[in-house]
Amino acid sequence: MVKSRILSKVNGNILFFSGLIIVLLFVFVAAFAPYIATHDPTYIDFDSVFLPPSAVHYFGTDDLGRDVFSRVIYGSRISLFVGFVAVGISLAIGVLLGLVAGYFGGFADTVIMRFVDVMLCFPAFFLILAVIAFLNPSMFNVMAIIGLTGWMGVTRLVRAEVLSVKTRDYIVSAKVQGLPVWLILSKHILPNVFTPIFVTATLGVAGAILTESSLSFLGLGVQPPTPSWGNILTAGKDNIMFAWWLSFFPGIAIFITVLGYNLLGEGVRDILDPKS
Amino acid sequence: MIQYILRRIFGMIPLLIGITIICFAVIHLAPGDPAQFLSSMNPKFSESAHEKFVKMYGLDKPVHVRYIDWVKRVAVLDFGESFAPDGKSVMEKIGERMPVTIYLNIAGMVLIFLVALPLGVLSAYRQNTFFDKSVTVFVFVGFAVPTFWLALLCMYYFGVVKGWLPISGLKSYNFDQLSTMGKMWDIVHHAFLPVVLSVFGGLAGLSRFARNSMLEVLGEEYITSARARGLSEGRVIFKHALKNALLPVVTILGLSVPGLIGGSVIFESIFSIPGMGQLFYQSVMARDYPVVMGVLVLGAVLTLIGNLIADISYGLVDPRIRYGKK
Amino acid sequence: MIRVRFLLLAALLVFVGCSDGGSNTSAEKEVKSVKKTAEKTKDTPVNGDAFVSSSLGDATGLIYNITSDSASHDVAAKIYNGLVEYDKDLKIIGDLAESWDITEEGKVIVFHLKKDVKWHDGHPFTSADVEFTYKFMIDDKTPTSYDADFRLVKSFEVIDEYTVKITYDEPFAPALISWSMAVLPKHLLEGNDVTKSPLLREPVGTGPYKFKEWKAGESITLVANDDYFKGRPYIDRLITRVIPDTATTFLELLNGAIDMAGLTPLQWTRQIDTNQQFQNQYDKYKYLSFGYTYVGYNHTKKPFNDKRVRQALTYATPKKDIVKGILFDLGVPAHGPFKPGTLWYNDDVKKYDYNPEKAKELLAEAGWTDSNGDGILDKNGKNFEFELMTNQGNTVRTKICETLQQSWEKIGVKVDIRVLEWATFINEYVDKQKFDALVLGWNITNDPDLYDVWHSSNCGGRKLNFICYKNEELDKLIVEGRKEFDPEKRKLFYHKAQEMLAEDQPYTFLYVPYSLVAVSNRFENVYSAPAGITHNQDKWWVKKENQKYHFEP
């Protein structure tokens, strides 16, 4: 009954499908980048700088004569990596702290939730900016900071869910049976929060990709020679009215991917949310 | 009620202390110091200059001593002097930048509410129609486009190619000589692109929120029963559904208070707007610790106040919420 | 007007300095407008109009002597005068000083000051102001970094109201130009804490322009000083706008909203030629800039302490390709720390034309061969790999790193690139000498003194010979060169020094770029000279019919 209802909702949801396809395409491109790219993305050739798009260079070439198409293809790996690791970090922290706070309550709960409040008080981008500037922009730091500043929502979500199921009969009985805490948490509580966490994660990946491009604009994102969409786009911004292809293609790539993740996340929420 | 507010305010104190400690630690343990910009990598600089500046800024003291000094001053609302040689205090610096940021943010926020709420409500009302889907895509497009890229494209097209809009800045050079109408037009003209683009980028959040909220209400029994009673559709929507659906939106207003002073660094860079974002970014890059601390603390305080306002206003409009038990 | 150029490492962008110093030989104006300039000069100059320029950052303060950023200096330079200045051909001439005598083999300088000079508030300028400025500079409470030259002064005597006598312990050739430091008004500053002085925001000087308004983060406006002792400047107002983004700056230029801006090589060569609107509004100027870009090797680390290795890396550096590819030929390859075309420059030194074979030979000689066949040279089981660093925010330097990575790989040297934020880079890596090799740039001063960057005593901790190059013979030349006042004799020391540097290759000198500037063509009497383009800015003017901005008095 529930399943068929979900299936019918899936069938009717074209946005969800577009999102799914975009995201799958994105993952596919990232996974098979070496086979898709036509050139070495870092190969410098001063004899072919600023060539407009052509049959040889689909997206043209940049200021060092590198193939923009190949750079964008390889850039998808970096963007995917940044997005996934950043979200992975926030999920790990968020879920763990949420479970602890919700399940054990008391002092641990107070401390953790106060900490969440403190973290939420910082204007997020200001904090990321300050930390990145102070620590140095590198791919690792960018991922870590985006992750470390994005877990608070997950914690609140998980805690609330834990609180609401903690007192239910099957949990209580599991406790009485002497099941270990981690088993109760992972078997009975986590599955309940899967949907909202999945949605948060999808939107998180989109957010991370955008944040990286914003940081790149300020020169604080992933640093060359590693090609990320953010830094390819930024490198092209000063030539927007002359070599449009430098910023156009990475801009479109970011745009479509972020849109895809958002549609997917919203779609999942729509489909699995029993209220709608 | 008053007791509740007092307790909340009292509860903010440990939060604030936590916030300041984190800020202070991050800023002061990071490599680089403000003295170095004034005293390194220039042969004309004397060798003793670095030491002189370190002393002058009090950077030779251990971090915890500096923190306590800082707290003592802030306790009497003195955020200290900026390290920059223009000799302004932190409050003066923030005061210079705040009006511009608030003005643009209020303009942007009002527009976001005016556009996003109807869009969200209508989408919910016509759930799963073509209209709903187009709106969804439209608001997410705004969210997904890298803002600086879109901004540059618009500046080039509307500014250089078409010549319709000024490219950057807030006023023309001859602003003082314009008539009153001219002045108003000049300001609107300059603010047009940054405001419209920030509205476009900000629609997604609120319109989705309004849509979900409306959907929830439309599924409630009292709507079904109102319809069953044969009330006109307009009456159902406006009298019953809308009122309840928009209640939670009030909280969003409270939550956006801190956003009012947080200027977007990127917008401000691109459009050459001398707002809070620029101030913060430049202070970070120059390691102007007092200003960085000032902006972060101010932001945090406003966030806390915003949360409080959100909670209170939610309670005021929704009688189901009672204060005192949390 | 002060025209001292400090050796600042251009931290942000290579082409920010639109009012930077310039060069002589290659000074060149685009052919199109040369004719027009000749016609223009016949007319009589008239007052009026405004000159709008832009800056990436806001000024930090407007007392010249205690700020160190170019945004502040560019504005303050119009407000103050020093005792001496460089003229357009980079000769030292009097500014507030009418004349001076150098006696006792250079140990004593006596300045005779101009008598008709008034501060912007009407107060007369006298030797007391000069004395105050000197004391201000050496006061430990003054937050200035420029005190080094003034601490060398043994005694400062006020002879009379318009004469001062300065005595040094020993002859010091750069001493004279150190008196181009802005002279400050004693009557407004004495006895006050300078860090709280209102003059930081509303400066009072003797210069061609008076302060009018400073909108924080937005613009600074100066107005012509009617009583300027060299005659009122023609342009009524100088407006400096803060535009933090380079792309926006260029769009504003295309739109005609700013009157002068530095261009990137790409903008110079391609964008602008395709834009008619731009061509009708601007004249382009180019001149060799006062700066060079280099790769520095850490001499305290192996294998960079081996001369052959450094020579090999230089041989494997395609300088010409870099100039062609990255600068679009808008620069010249560098072979030493001086600017081609100046008195101090010696072209007759060992040059290293791109030659990867020769590089491999030298490396083999030094013991580096690919013994395990993995494509990377090795010696005693260690691969030749190192980190090449540069600062974040300078795209040209990043591109150089990427180019070097590729071309050094061809001779079997593996390079990792690391791009670091400025403060961290300097503090944690350069000052602590925790780097292998780095790409950076130096500005070239008009005075040829090499002491700070090349003398072996300046190796280590926060000093500028951070690569720790040590050469006793060079040290001697540098010390002797500082004592010689006669340029013709003095240049011999530096010519010899360049030969040594070319042989040792402590740096791989890469190139000296051109400064590329666009100036609105409504301004008359604009021409580039060895000192750059803004050297005569107070003599620029606009014909009545071309004036764009009109201000009620």
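Report, as an integer, the average count of C-beta atoms from other chains found within 10 Å of each Cβ along C:317-323.
Values: counts 0, 1, 0, 1, 3, 1, 0.
Partner-chain Cβ atoms within 10 Å, mean over residues of C:317-323: 1.
Would you please name the trypsin sites (Lys or Arg not before Pro) within region B:102-192 that are DSSP coil residues with at most 13 other C-beta atoms within 10 Å of their C-beta?
Working: sites: B:Arg126, B:Lys133, B:Lys162, B:Lys171, B:Lys183; in loops: B:Arg126, B:Lys162, B:Lys171.
Sparse-neighbourhood loop trypsin sites (Lys or Arg not before Pro): B:Arg126, B:Lys162.
How far apart, in nm, are the 7 Å Cα→Cβ label points at B:Ser313 and B:Ala25?
Result: 3.4 nm between the two label points.
Once R0 is set to 22 Å, what does the formula 1/(1 + (r/R0)^6) return for the Cβ-Cβ distance between C:Thr44 and C:Asp89, expressed as a FRET efficiency to the nearest 0.05?
0.30
Would you mind checking region C:276-320 for residues with the amide N under 17 Å from a putative spin-label position 7 Å along Cα→C-beta of C:Lys382?
C:297-310
Mind ranking C:Leu440, B:Leu165, B:Leu114 by accessible surface for me, highest first, 1.4 Å probe?
From most exposed to least exposed: B:Leu114, B:Leu165, C:Leu440.
As I understand it, the dipole of the protein assembly as shown uses +1 on the Cβ of Lys and Arg and -1 on the Cβ of Asp and Glu, about the Cα centre. Which of C:Val519, C:His335, B:Ile21 lies farthest toward its positive end?
The listed residue farthest towards the positive side: B:Ile21.
Dipole of chain C, Cα-centred, from +1 at each Lys and Arg C-beta and -1 at each Asp and Glu C-beta, to the nearest 20 debye?
Details: 70 positive and 81 negative charges, 206 e Å.
Here the size comes out at about 1000 debye.
Residues of region A:237-251 with accessible area at least 50 Å² lower in the all-protein-chain context than alone (1.4 Å probe)?
The answer is A:Lys237, A:Asp238, A:Ile240, A:Met241, A:Phe242 - residues whose exposure falls by at least 50 Å² when every protein chain is included.
Taking the alpha-carbon centroid of each part, what is the distance from region B:98-161 to region A:102-179 in angstrom?
Here the answer is 31 Å between Cα centres.
Taking beta carbons within 10 Å but only from partner chains, what does the mean come to for residues A:18-29?
Across A:18-29, the average partner-chain Cβ count within 10 Å equals 0.
Within the set C:Lys476/C:Lys496; B:Lys183/C:Lys210; C:Lys319/C:Lys360, which residue pairs have Cα atoms separated by over 23 Å?
In this structure, B:Lys183/C:Lys210 exceed 23 Å between Cα atoms.
What is the average number of partner chain Cβ atoms found within 10 Å of a Cβ in C:414-426?
Counting other chains' Cβ atoms within 10 Å and averaging over C:414-426 gives 6.
Counting only C-alpha contacts under 8 Å and six or more residues apart, can you give the relative contact order of chain C as a whole percent? List each step's numbers first, then the result.
Numbers: 1135 pairs, mean separation 130.8, N = 553.
This gives 24 percent for chain C.
With r as the distance between the Cβ atoms of C:Asn525 and A:Ala31 and R0 = 60 Å, compute the FRET efficiency 1/(1 + (r/R0)^6) and round to 0.05.
Details: r = 63 Å, r/R0 = 1.06.
The value I calculate is 0.40.
Counting other Cβ atoms within 10 Å of each Cβ, which chymotrypsin sites (Phe, Trp or Tyr not before Pro) in region B:163-239 have at most 12 and sit in a DSSP loop?
B:Trp164
Can you give me the % of accessible surface on chain C that is carbon or sulfur? Probe 1.4 Å, all protein chains present, nothing else counted. Intermediate values should be presented prior to the final figure.
Details: 9700 of 20100 Å².
In chain C, the share of accessible area belonging to carbon and sulfur is 48 percent.
Give me the 1.4 Å probe accessible area per residue for the protein assembly as shown, excluding ligands and nucleic acids, in Å².
40 Å²
How big is Rg to Rh over chain B, alpha-carbon atoms, Rh as the Kirkwood inverse-mean-distance radius? Display every interim value, and only then the final one.
Working: Rg = 24.7 Å, Rh = 23.4 Å.
Rounded to two decimals, Rg/Rh equals 1.06.
Using the reciprocal of the averaged 1/r over all distinct C-alpha pairs, how large is the Kirkwood radius of region B:13-117 in Å?
The answer is 16.9 Å.
Give the angle, between 0 and 90 degrees and rounded to the nearest 10, that separates the Cα long axis of helix B:2-29 from the longest principal axis of the Cα atoms of chain B.
50 degrees
Taking the alpha-carbon distance from C:Lys165 and a cut-off under 12 Å, which aspartates and glutamates remain once sequence neighbours fewer than 8 residues away in the same chain are dropped?
By straight Cα distance, C:Lys165 reaches C:Asp101, C:Glu131, C:Glu157.
Measure off 7 Å from each Cα along the Cα-to-Cβ vector at A:Ser186 and A:Thr110, then give the distance between these two points in nanometres to one decimal.
Taking the two extended label points, one gets 3.2 nm.
Which values, in whole Å and largest first, are the semi-axes of the equivalent ellipsoid of region C:80-198 obtained as the square root of 5 times each eigenvalue of the Cα gyration tensor?
Values: eigenvalues 96, 62, 38 Å².
One finds semi-axes of 22, 18, 14 Å for region C:80-198.
Cα convex hull of chain A: mean projected area in nm², to one decimal?
Hull-based average projected area comes out at 18.0 nm².
Along its three principal axes, how long is chain C when you only count alpha carbons? Whole Å, largest extent first please.
The principal-axis extents, from largest down, are 79, 60, 42 Å.
Take C:His112, C:His123, C:His535 and sort them by solvent-accessible surface of the protein heavy atoms, 1.4 Å probe, largest at the top. Write out the running numbers ahead of the final one.
Details: C:His112 60, C:His123 80, C:His535 25 Å².
Descending accessible area places them as C:His123, C:His112, C:His535.
Grab every C-alpha pair in region A:218-271, bin the distances at 10 angstrom width from 0 up to the longest one, and report whole percents.
24, 39, 24, 12, 1
Using every Cα-Cα pair within the protein assembly as shown, state what percent have a distance larger than 61 Å.
Result for the distance tail: 15 percent.
What accessible area, in Å² to the nearest ten, does a 1.4 Å probe give for C:His550?
110 Å²
Between chains C and B, what is the buried accessible area in Å², counting both sides, with a 1.4 Å probe and ligands, DNA and RNA left out, to the nearest 100? It would help to have the intermediate numbers written out before the result.
Working: alone 23470 and 19160 Å², together 37850 Å².
Protein heavy atoms only, the C-B interface buries about 4800 Å².
For region B:2-74, give the magnitude of the charge dipole about the Cα centre (Cβ charges: +1 Lys/Arg, -1 Asp/Glu; no others), in debye to the nearest 20.
Numbers: 9 positive and 5 negative charges, 75 e Å.
I would put it at about 360 debye.
Please give the helix A:139-148 orientation as an angle from the longest Cα principal axis of chain A, in degrees from 0 to 90, rounded to the nearest 10.
30 degrees
Restrict the search to region A:58-138; then list the chymotrypsin sites (Phe, Trp or Tyr not before Pro) that DSSP places in a loop and that have at most 12 other Cβ atoms within 10 Å of their Cβ.
none
Would you work out which of B:Gly219, B:Tyr67, C:Gln547 lies farthest towards the positive end of the dipole of the protein assembly as shown, given +1 charges on the beta-carbon of Lys and Arg and -1 on that of Asp and Glu, about the Cα centre?
B:Gly219
Could you state how much accessible area is buried at the C-A interface, both sides summed, with a 1.4 Å probe, in Å² to the nearest 100?
Values: alone 23470 and 14320 Å², together 35530 Å².
Buried area (both sides, nearest 100 Å²): 2300 Å².
What figure in square angstrom, to the nearest 10, would you give for the accessible area of B:Ile309 with a 1.4 Å probe?
Result for B:Ile309: roughly 80 Å² accessible.
The values are calculated or read from the model by the stated rules, or taken from the named source; none is laboratory data. Everything numeric here is computed off the predicted structure, so don't read it as measured data. All Cβ positions, even for glycine, are placed from backbone atoms using ideal geometry, and neighbour counts span all protein chains on display. Surface accessibility is based on the protein's heavy atoms, side chains included, excluding ligands, DNA and RNA. Shrake-Rupley method; radii C 1.70, N 1.55, O 1.52, S 1.80 Å.
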